[in-house]
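Enquirer: This is the structure I want to talk about, given as structure tokens.
The values are calculated or read from the model by the stated rules, or taken from the named source; none is laboratory data. Note that this is a predicted model, so its numbers are computed, not measured. When we count neighbours, we look across all protein chains shown, and the Cβ atoms used for this are built from the backbone with ideal geometry, even at glycine. All accessible areas refer to the heavy atoms of the entire protein, side chains included, with ligands and DNA or RNA removed. Shrake-Rupley method; radii C 1.70, N 1.55, O 1.52, S 1.80 Å.
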Amino acid sequence: VNAMALQDYQEATERHQFIDNQRKDLVESETKLRQTLQEMEDFARIAFMTAFEEIRTNFIKVFRSLFTAEDTADLVLSDPDNPLESKIEIVARPKGKRPLTIDQLSGGEKTLTATSLLFALYLRKPAPFCIFDEVDAPLDDANTEKFNNIIREFSKDSQFIIVTHNKRTMTSTDIMYGVTMIQQGVSTIVPVDLRELE
């Protein structure tokens, strides 16, 4: 007869209860964590889809204002069932063209499409100022005029700083800043307020 059997049994029972309680806590925590993750994913999905649809609508509208009303553009999710992991494809079809990808557009068409997307994002959450660096470089005269028109339209609500060498863009600005070097090694900024010349 093992005289210590009862004591060993009680210790084993206490240990078993402790481990069982710990297991229950872990299972409960896992369930709560999974619920929280699901709630976060549901919220993120709704927030993303709301933003995506708004940006998509803005993109189509701005694209048509830069091209024509007959031109088509869209933002498409490659995996609509899993939008948070899906790639976003830019579809742009100027009149008379049927490109399969954006890479098949000309440099000017790519620039105007990218500008459309930038302004679609801007319309979702406007910024007090925007900086464009040589955005108009690949544009011909007609497309430069379209670019300048949309900048003029949006400049009612925001300030635009444009780094450019394009004469058409320069003449459509309010204030132009040039950098000159009167003295060797010393740069000087020269502002010209074109509004005063009107």
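Enquirer: Thr111: under 13 Å from the mean Cα position of the chain (by Cα), touching a residue at least 24 places away in the same chain (Cβ under 8 Å) and part of a helix (DSSP H, G or I), yes or no?
Expert: It is false that Thr111 is under 13 Å from the mean Cα position of the chain (by Cα), touching a residue at least 24 places away in the same chain (Cβ under 8 Å) and part of a helix (DSSP H, G or I).
Enquirer: I'm told Phe132 meets every condition in (1) over 18 Å from the mean Cα position of the chain (by Cα); (2) modelled with pLDDT of 90 or more; (3) under 19 Å from Met170 (Cβ atoms) except one. Can you identify the failing condition by its number?
Expert: Failing condition for Phe132: (1).
Enquirer: While we're looking at this one, here's another question. Taking the residues in segment 61-108 that are among the β-branched types (Val, Ile, Thr) and not in a loop (DSSP other than H, G, I, E, B) as candidates, determine which candidate is farthest from Asp136 (Cα to Cα).
Expert: It comes out as Val76.
Enquirer: Any residue at all in segment 34-49 that is closer than 23 Å to Thr113 by Cβ and assigned to a helix (DSSP H, G or I)?
Expert: Scanning segment 34-49 turns up at least one residue that is closer than 23 Å to Thr113 by Cβ and assigned to a helix (DSSP H, G or I).
Enquirer: Would you point out which residue out of Ala137, Ala92 is small (Gly, Ala, Ser) and touching a strand residue (DSSP E or B) at 6+ places or on another chain (Cβ under 7 Å)?
Expert: Ala92
Enquirer: Let me ask something else about it. Yes or no: segment 15-33 includes at least one residue that is free of Cβ contacts under 8 Å to residues at least 60 places away in the same chain and closer than 19 Å to Glu85 by Cβ.
Expert: no
Enquirer: Considering only residues that are open to solvent by 50 Å² or more (accessible area, probe 1.4 Å) and modelled with pLDDT of 90 or more, look in segment 67-79 and name the one that is nearest to Ala51 (Cα to Cα).
Expert: Val76
Enquirer: A follow-up question, please. Specify which of the listed residues (Lys95, Lys87) is open to solvent by 80 Å² or more (accessible area, probe 1.4 Å) and either within 22 Å of the chain's Cα centre (by Cα) or on the phi > 0 side of the Ramachandran plot (or both).
Expert: Only one candidate qualifies: Lys87.
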